[in-house]
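Only one structure is covered here, and it is reproduced in the block below.
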């Protein structure tokens, strides 16, 4: 993380904790936007990961990327989901405790993809054996199966999870994935029988119809046309461009085999899916008395091998027990439709639970019971995010209640971990103001008075209970609650936004209005007793298992849906409280799923309801940055002469010495037992900026030392070789000695000639070991001759000796800048090169793509936009005909030398240049504002190519440039304490140099 601080102006801050204005929603939003537009979709809040869906493929999930993040300190590399997954894994292995990763966000924000990436990372990073690979495959392929049966297209997301999923991945003591277990929550069964416009049923139905083999469809009595099935056409979008049902069918078929389902199980499973489709096509007619009846329904023969007579009675009559007598009461058509749909939902819901259990059996079978105490787990919780639609019903109420509970847990665990760290380090804890949503959780779940209790009471009480009587009961019991309002209780202004059947809750994330219609029916989710009895006569083994004859047919009402959900949440909370938490917060940047589009209003809403600001306030808790002494000292020790290069004492003493040298004030930091705590981001930024300056100086010193060491080594080798030859010569008689001396002389001469010839052949190449001696000889020779042939008077300008090519550019640079630009003296010692970009990359690729004449010179530059002055990395390439501004081989602007009016640079020590071009047409691009680290070299090359020395102007103060015809901009130059580039309040680009 520290290494990236120097780029913070361009790509934002990698950790929200380091924002100075961390309490500002706008500042957080600006940071997210800045990073999103640079394709940096991940940002930290401490160890929490914020992920923004890019809606496009990014090359950041390769095997190489996984290897890069394995075993690396959490903040050492840019934020990534692999960093979080790896650190959770390594912490689990080192501390031998259990962890969980909570992935949340609204539909379409990328929760399911995040879960997949984590699983894929563990599949690659964990130890590998044949058994472990089998476990890995089952863990990975459980995803497409659960997606097929539990995901569907909604208005917001083409692959929306319509159930909550918690998956435990079990690891052995060596870090191998040895098994897993899945819990599912609140499958949206109502989708089986009803879909809103623009939505689909669960994927598996369409996959079977579109991708199933002809023989299979014939055996199931299905046609390859989704429009023939009532349960698939209500949303009017059976076909979706982003979904390939045929391809997904093949993936699911393969996955079902890998997770160890037998062929008979697979056949029975598809038989159930087909039966649900057939059941939706059953039609009822009213007889003379108005009761429902079935006439010649061909669909009946395909329904799970149940006798027609039994099925017909089960769908058109209700069984009532009166004392010892059984009576069958006929349904009206409406009641029959309700009973049919209730049965279809029950079949699908129980089959989904059976499938989850089969997957768990498959994963559990791989775990050896031996050494079970040595297993640890990482849980993945992929659960629905906070939902707010135009019409919100029972499902949204349950989902948002779930989010309230998780937010409560989230804040509790975060506060707890922060307090524990402070106590462990001996730092005084500073209370943090935050919104405690316990008041909302109590409003929903409090015994006898909460909304859940009131809903259950209304569902279970005798008499005519309706949705409206439930609303009236809430108004009576909780009408005075500050987070609850209805049309009846609202003031005149609020009443206009509420219908008579609505109630509104003020959640921690904001207000949500719920329509009470359907609450009782959905909460009851009644399945008539004889419906269960009908299912028990099925020949389908899965249905027999899902509707066992041992299931008690108690006359007591079963638990309602919301109570079951509440109890499952309690169980989930208990599971999570026993594990160490990690968080991924997923954000959807826009509703249209467009890459590159950032909707401020939408993202601001998500930042609020995901509790990011609450977490940030808790995470800051007075100190923006904390690091172990060893890590801090290792990075910043070059800044203090007492700690560089090696500190002899303890790391804590070294850090104390370092910050004393840096001049930290007492209120800017605290020293813990193992970590340093820094209060303000600006303190860290100043330290990091100083380190970046120091790093370049150190690199120069190290480079010089290495060169000296290498040259000295070469010299010593040559000296040893000469001594050896002389020694041999000394052992010989007079004749032999003469021969050895002659041989030594010839060898020496040969070596000198060889180096000279090699240098001559490479004289036009950039300075290197092959030509350095030759170029030094040329310079020395020229200066010696110049000394003997100096002009007699200063008026004899034409009598100067012509310099060799190696010195011509130097003299040209001197004529252009000597005495005019402050940093010219520092450029004299830097040799010029033919290019500053690798020839095997951009220039060659660029020349080949655009069929343009040979590149004369190329150099990386930073181009500043004419409007807004946003910096962009580019390449500046000179040919004999024109100059080109290039981005990865794509030409952004061509400047013919004939249209180049001039070049402006300041007299200060910055490295900015402004290319002024002829701009007569409004469609033409205007002048270029560039920043180049090799300014003197680039401008000298340009002046040589265009053969115009007078086109380069060194100016003071400001430079005016043309944005386009009739519009102008300004670049202001001044000296200051540190180098900065920013847009000033007057709209000018301000360049401050040292």
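Being out of contact with any helix residue (DSSP H, G or I) (no Cβ under 9 Å at 6 or more places or on another chain) and either touching a residue at least 60 places away in the same chain (Cβ under 8 Å) or surrounded by fewer than 21 Cβ atoms within 10 Å (Cβ to Cβ) (or both) is true for just one of 954, 929. Which residue is that? Give the steps one after another, and end with the answer.
Working: 954 fails: out of contact with any helix residue (DSSP H, G or I) (no Cβ under 9 Å at 6 or more places or on another chain).
So the residue among 954, 929 that is out of contact with any helix residue (DSSP H, G or I) (no Cβ under 9 Å at 6 or more places or on another chain) and either touching a residue at least 60 places away in the same chain (Cβ under 8 Å) or surrounded by fewer than 21 Cβ atoms within 10 Å (Cβ to Cβ) (or both) is 929.
In the stretch 213-223, is there at least one residue being under 32 Å from the mean Cα position of the chain (by Cα) and modelled with pLDDT of 90 or more? So far as the stretch 213-223 goes, no, none of its residues is under 32 Å from the mean Cα position of the chain (by Cα) and modelled with pLDDT of 90 or more.
Beta carbons closer than 7 Å, at least 6 apart along the sequence or on distinct chains, pair a first residue in the stretch 858-874 that is on the phi > 0 side of the Ramachandran plot and assigned by TED's automatic domain parsing to the domain that holds residue 960 with a second that is outside any loop (DSSP other than H, G, I, E, B) and buried (at least 18 other Cβ atoms within 10 Å of the Cβ) for 869/989.
Scanning for something touching a strand residue (DSSP E or B) at 6+ places or on another chain (Cβ under 7 Å) and either modelled with pLDDT of 75 or more or exposed (fewer than 15 other Cβ atoms within 10 Å of the Cβ) (or both), does the stretch 418-425 turn up at least one residue? Working first, answer last.
Looking only at the stretch 418-425, we keep the residues that are touching a strand residue (DSSP E or B) at 6+ places or on another chain (Cβ under 7 Å), and these are 425.
Within this subset, residues satisfying the condition of being either modelled with pLDDT of 75 or more or exposed (fewer than 15 other Cβ atoms within 10 Å of the Cβ) (or both) are 425.
Checked against the condition, which is being touching a strand residue (DSSP E or B) at 6+ places or on another chain (Cβ under 7 Å) and either modelled with pLDDT of 75 or more or exposed (fewer than 15 other Cβ atoms within 10 Å of the Cβ) (or both), the stretch 418-425 yields at least one hit.
Looking only at residues of the stretch 9-25 that are in a helix (DSSP H, G or I) and surrounded by fewer than 18 Cβ atoms within 10 Å (Cβ to Cβ), we find that the one that is modelled with the highest pLDDT is 25. Regarding residue 191, is this residue surrounded by 13 or more Cβ atoms within 10 Å (Cβ to Cβ) and part of a loop (DSSP other than H, G, I, E, B)? No, not satisfied. Residues considered: 524, 567, 540. Of these, the only one that is touching a helix residue (DSSP H, G or I) at 6+ places or on another chain (Cβ under 6 Å), modelled with pLDDT under 90 and surrounded by fewer than 21 Cβ atoms within 10 Å (Cβ to Cβ) is 524. For residue 533, the criteria (1) assigned to a helix (DSSP H, G or I); (2) within 42 Å of the chain's Cα centre (by Cα); (3) surrounded by fewer than 20 Cβ atoms within 10 Å (Cβ to Cβ) hold in every case but one, which is (2). Just one of the numbered conditions (1) surrounded by 13 or more Cβ atoms within 10 Å (Cβ to Cβ); (2) at pLDDT below 90; (3) more than 30 Å from residue 679 (Cβ to Cβ) is not true of residue 448: (1).
The requirement of being touching a strand residue (DSSP E or B) at 6+ places or on another chain (Cβ under 6 Å) and at pLDDT 90 or above is not satisfied by residue 162. Whenever a residue of the stretch 584-612 is at positive phi, its partners that are outside any loop (DSSP other than H, G, I, E, B), lying with C-beta atoms within less than 9 angstrom and at least six residues away or across chains, give the pairs 596/36; 596/37; 611/407; 611/410; 611/411; 611/585.
If I filter the stretch 119-138 for residues that are part of a loop (DSSP other than H, G, I, E, B), under 23 Å from the mean Cα position of the chain (by Cα) and under 18 Å from residue 363 (Cβ atoms), do I get at least one hit?
Step one: list which residues in the stretch 119-138 are part of a loop (DSSP other than H, G, I, E, B), which gives 126-129.
Among the residues that remain, those that are also under 23 Å from the mean Cα position of the chain (by Cα) are: 126.
Still in the list and also under 18 Å from residue 363 (Cβ atoms): 126.
Looking through the stretch 119-138, at least one residue is part of a loop (DSSP other than H, G, I, E, B), under 23 Å from the mean Cα position of the chain (by Cα) and under 18 Å from residue 363 (Cβ atoms).
Of 527, 455, all but one fail to be farther than 30 Å from residue 264 by Cα, outside any strand (DSSP E or B) and over 40 Å from the mean Cα position of the chain (by Cα); the exception is 455.
Once the stretch 676-734 is narrowed to residues that are modelled with pLDDT of 75 or more and not in a helix (DSSP H, G or I), the residue that is surrounded by the most Cβ atoms within 10 Å (Cβ to Cβ) is 676.
Set side by side, the residues 895, 914 differ, and just one is without any contact (Cβ under 8 Å) to a residue 40 or more places away in the chain, assigned to a strand (DSSP E or B) and surrounded by 14 or more Cβ atoms within 10 Å (Cβ to Cβ), which is 895.
Pick out the one residue from 852, 794 that is in a loop (DSSP other than H, G, I, E, B), modelled with pLDDT under 65 and surrounded by 12 or more Cβ atoms within 10 Å (Cβ to Cβ). One residue alone meets the criteria, 852. Quick check on the stretch 830-846. Is at least one of its residues exposed (fewer than 12 other Cβ atoms within 10 Å of the Cβ) and modelled with pLDDT of 80 or more? No, that holds for no residue.
Let's see how each residue does on (1) modelled with pLDDT of 85 or more; (2) out of contact with any helix residue (DSSP H, G or I) (no Cβ under 6 Å at 6 or more places or on another chain); (3) within 18 Å of residue 428 (Cα to Cα):
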{"residue": "637", "(1), (2), (3)": "no, yes, no"}
{"residue": "641", "(1), (2), (3)": "no, yes, no"}
{"residue": "647", "(1), (2), (3)": "no, no, no"}
{"residue": "651", "(1), (2), (3)": "yes, no, no"}
{"residue": "659", "(1), (2), (3)": "no, yes, no"}
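Residue by residue through the stretch 875-888, note down the ones that are closer than 14 Å to residue 860 by Cβ and either free of Cβ contacts under 8 Å to residues at least 60 places away in the same chain or not assigned by TED's automatic domain parsing to the domain that holds residue 925 (or both). Once the filter is applied, which keeps residues that are closer than 14 Å to residue 860 by Cβ and either free of Cβ contacts under 8 Å to residues at least 60 places away in the same chain or not assigned by TED's automatic domain parsing to the domain that holds residue 925 (or both), the stretch 875-888 yields 875, 877, 884, 885, 886, 887, 888. Inside the stretch 386-403, can you point out the residues that are at pLDDT below 85 and in contact with a helix residue (DSSP H, G or I) (Cβ under 7 Å, 6 or more places away or on another chain)? Residues satisfying the conditions are 386, 387, 389. Kindly indicate whether any position in the stretch 479-492 is touching a strand residue (DSSP E or B) at 6+ places or on another chain (Cβ under 7 Å), surrounded by fewer than 16 Cβ atoms within 10 Å (Cβ to Cβ) and in a helix (DSSP H, G or I). Scanning the stretch 479-492, I find no residue that is touching a strand residue (DSSP E or B) at 6+ places or on another chain (Cβ under 7 Å), surrounded by fewer than 16 Cβ atoms within 10 Å (Cβ to Cβ) and in a helix (DSSP H, G or I), so the answer is no. Residues of the stretch 933-951 that are surrounded by fewer than 19 Cβ atoms within 10 Å (Cβ to Cβ) and closer than 12 Å to residue 905 by Cβ: 951 alone.
The values are calculated or read from the model by the stated rules, or taken from the named source; none is laboratory data. None of the values given here were measured: they were computed from a predicted structure. Please note: Cβ atoms are built from the backbone with ideal geometry, for glycine as well, and neighbour counts cover all protein chains shown.
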